[in-house]
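K.L.:
Have a look at this one.
The values are calculated or read from the model by the stated rules, or taken from the named source; none is laboratory data. Quick caveat: nothing in here was measured; it's all calculated off a predicted structure. Using ideal geometry, Cβ is built from the backbone for each residue, glycine included, and neighbour counts are taken over all protein chains shown. Note: accessible area is taken over every heavy atom of the protein model, side chains too, but ligands, DNA and RNA are not part of it. Shrake-Rupley method; radii C 1.70, N 1.55, O 1.52, S 1.80 Å.
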Amino acid sequence: MKKLFGVIGDPIAHSMSPAMHNDLFDLYGINAAYLPFHVSRGNLEAAVKGLKALGVSGFNVTIPHKTDIIAHLDKVDPLARAIGAVNTVKNENGLLVGYNTDGPGFVKGLEYMAADLGSRSALIIGAGGASRAIYFSMAQAGIGRIDLYNRTIQKAEELVSSCPFKVESKVLGQETAEKTLDEYQLIIQTTSIGMVPDTESLPLSPEKITQDTIVSDIIYNPLQTKFLKEASKKGAAIQNGVGMFVFQGALAFELWTGIFPDVERMEANVLRNLGG
Ligand code: NAP
């Protein structure tokens, strides 16, 4: 029987996940379909019950449900529980089990760029949901120092103090972050600053970025934010948000099928989608 997969969210019409996963099902000869489901906040519980009753094999979860869904699942993996967000659900013998592949996907994408991640000092800009998934996953992966800069300092402090994994961290104000950017070999921009239509904005001055640094910006619209352009001018290696999106999808696909998929093919699929 054909297996059912999908993604729930609101809005959902422009999700790139159906094209990416359906292409992989074709590639690996898996008899399955992946559909987008528009689910408003008020319908979340009913939608999850319905998917379970239909025997869905797995689904992704996107804005605005990543936190609220936890209350409606049978089991939640410890990392997803610590992050407080689920983006992937797997049906395990009739039970819906929640995972977070956003943070681990980001880390896996970085590992493709640098083999020496563990020895790099990292600065994360931003302290929202994506930052939390990335910070916890990097700490779990053993990155020894991860400092944080966020416009609202209390949110950064709360994020650092709630992390269950051992990691050295300082919360910085804007001035200190800008002055000490040259101390980091890994800078990760997780705020929405620089996203369309506000493409000329910067989260902080990139003046002191050095050429030994990897600078990652998890935005993929535009593909190169002003922050990445400035980092590239300084000679830094840059990575955009397509990597995080592709690798969270790859890890979800692996959870569902046991196959770690062809990430280059997935990236080409996403870039085609973004190019219209
Ligand atoms: P979120 O939870 O709403 O957090 C937003 C973050 O941006 C907070 O740190 C917030 O700072 C900061 N921010 C927003 N506007 C700002 C401004 N004008 N000045 C200074 N700081 C500002 O959002 P999120 O879910 O973490 O998503 C953040 C970005 O990541 C979005 O652009 C999203 O599209 C992208 N994203 C990409 C992927 C991917 O797969 N590539 C996955 C998830 C998210 P305060 O705390 O001070 O408000």
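K.L.:
Local charge sum around D23 (other residues, Cβ-Cβ under 13 Å, Lys/Arg +1, Asp/Glu -1)? Mind dumping the intermediate values first?
P.N.:
Values: positive: R265, R272; negative: D26, D262, E264, E267.
Here the count lands on -2.
K.L.:
Take the eigenvalues of the Cα gyration tensor for the range 51-208, scale each by 5, and report the square roots as semi-axes in whole Å, largest first.
P.N.:
Values: eigenvalues 192, 57, 41 Å².
For the range 51-208, the semi-axes come out at 31, 17, 14 Å.
K.L.:
Over all Cα pairs of the chain, how is the pair count split among 10 Å bins, expressed in % and running from 0 up to the last occupied bin?
P.N.:
7, 29, 35, 22, 7, 1
K.L.:
Along the charge dipole of the chain, pointing to its positive end and built from +1/-1 on Cβ of Lys, Arg, Asp and Glu, which listed residue (A127, G94, Y112) has its Cα farthest out?
P.N.:
G94
K.L.:
Then there is this: Would you mind getting the accessible area per residue of the range 8-49, heavy atoms of the protein chains only, 1.4 Å probe, in Å²? Could the numbers behind the result be given before it?
P.N.:
Details: 2190 Å² over 42 residues.
Result: 52 Å² of accessible area for each residue.
K.L.:
May I pose another question? What aspartates and glutamates sit close enough to K234 to cross-link, taking a C-alpha to C-alpha distance under 19 Å and skipping anything fewer than 8 places away on the same chain?
P.N.:
By straight Cα distance, K234 reaches E178, D182, E183, E200, E207, D212, D217.
K.L.:
At 1.4 Å probe size, with every protein chain present, just tell me what the per residue accessible area of the range 180-273 comes to in Å². Each step should come with its number before you reach the end.
P.N.:
Values: 4010 Å² over 94 residues.
Computed with neighbouring chains in place, this is 43 Å² per residue.
K.L.:
Taking a threshold of 28 Å on the Cα-Cα distance, which of the pairs K90/K155; K66/K229; K108/K166; K108/K226; K166/K226; K155/K179 fall above it? Don't jump to the answer; show the numbers that get you there.
P.N.:
Details: K90/K155 31 Å; K66/K229 31 Å; K108/K166 19 Å; K108/K226 24 Å; K166/K226 33 Å; K155/K179 21 Å.
Long pairs (Cα-Cα over 28 Å): K90/K155; K66/K229; K166/K226.
K.L.:
Right, here's the next one. Could you state the angle between the C-alpha long axis of helix 102-113 and the longest principal axis of the C-alpha atoms of the chain, as a value from 0 to 90 degrees rounded to the nearest 10?
P.N.:
Once rounded, the angle reads 60 degrees.
K.L.:
How much of the accessible area of the chain, probe 1.4 Å, is carbon plus sulfur, in whole percent?
P.N.:
Details: 6340 of 12620 Å².
Reported share for carbon and sulfur atoms: 50 percent.
K.L.:
Measure off 7 Å from each Cα along the Cα-to-Cβ vector at N93 and E157, then give the distance between these two points in nanometres to one decimal.
P.N.:
Going from the N93 label point to the E157 one covers 4.6 nm.
K.L.:
I'd like the FRET efficiency for N22 and R145, computed as 1/(1 + (r/R0)^6) with the beta carbon distance as r and R0 of 45 Å, rounded to 0.05. The partial results should precede the final answer.
P.N.:
Working: r = 41 Å, r/R0 = 0.91.
Taking R0 as 45 Å, the efficiency between N22 and R145 is 0.65.
K.L.:
How much length, in nm to one decimal, is gained on full extension between E207 and S121, taken as 0.36 nm per residue of separation minus their Cα-Cα distance?
P.N.:
Working: separation 86, 0.36 × 86 = 30.96 nm, distance 1.81 nm.
The E207-S121 span can extend by a further 29.1 nm.
K.L.:
Per residue, how large is the accessible surface of the range 82-141? Use a 1.4 angstrom probe and give square angstrom.
P.N.:
Details: 1810 Å² over 60 residues.
Dividing the accessible area of the range 82-141 by its residue count gives 30 Å².
K.L.:
Taking only the alpha carbons of the range 87-133, what extent do you get along each of the three principal axes, in Å, biggest first?
P.N.:
Between the extreme Cα coordinates on each principal axis of the range 87-133 lie 42, 25, 13 Å.
K.L.:
Let me ask another. Which GluC sites (Glu not before Pro) from the range 204-276 combine a DSSP loop assignment with at most 10 other Cβ atoms within 10 Å?
P.N.:
Values: sites: E207, E230, E254, E264, E267; in loops: E207.
Answer in residue order: no site qualifies.
K.L.:
On full extension of the chain, what length is gained from T67 through K2, given 0.36 nm per residue of separation minus the C-alpha to C-alpha distance? Write out the running numbers ahead of the final one.
P.N.:
Details: separation 65, 0.36 × 65 = 23.40 nm, distance 2.94 nm.
Net length gain for the segment: 20.5 nm.
K.L.:
Nearest 10 degrees, 0 to 90: what angle lies between the long axis of helix 242-257 and the longest principal axis of the chain (Cα atoms)?
P.N.:
Tilt relative to the chain: about 30 degrees.
K.L.:
Whole angstrom only: what separates the Cα centroid of the range 88-131 from the Cα centroid of the range 170-243?
P.N.:
Between the Cα centre of the range 88-131 and that of the range 170-243, the gap is 19 Å.
K.L.:
With a 10 Å radius around each residue's Cβ, average the other Cβ atoms per peptide and rank 130-141, 54-65, 190-201, highest first.
P.N.:
130-141, 54-65, 190-201
K.L.:
Taking only Cα atoms, what is the 0 to 90° angle, nearest 10, from helix 263-274's long axis to the longest principal axis of the chain?
P.N.:
It works out to around 90 degrees.
K.L.:
Suppose R0 equals 30 Å; then what is the FRET efficiency for A268 and A114 from their Cβ-Cβ distance, rounded to the nearest 0.05? Don't skip to the end; give the middle numbers.
P.N.:
Details: r = 22 Å, r/R0 = 0.75.
Efficiency, from the Cβ-Cβ distance: 0.85.
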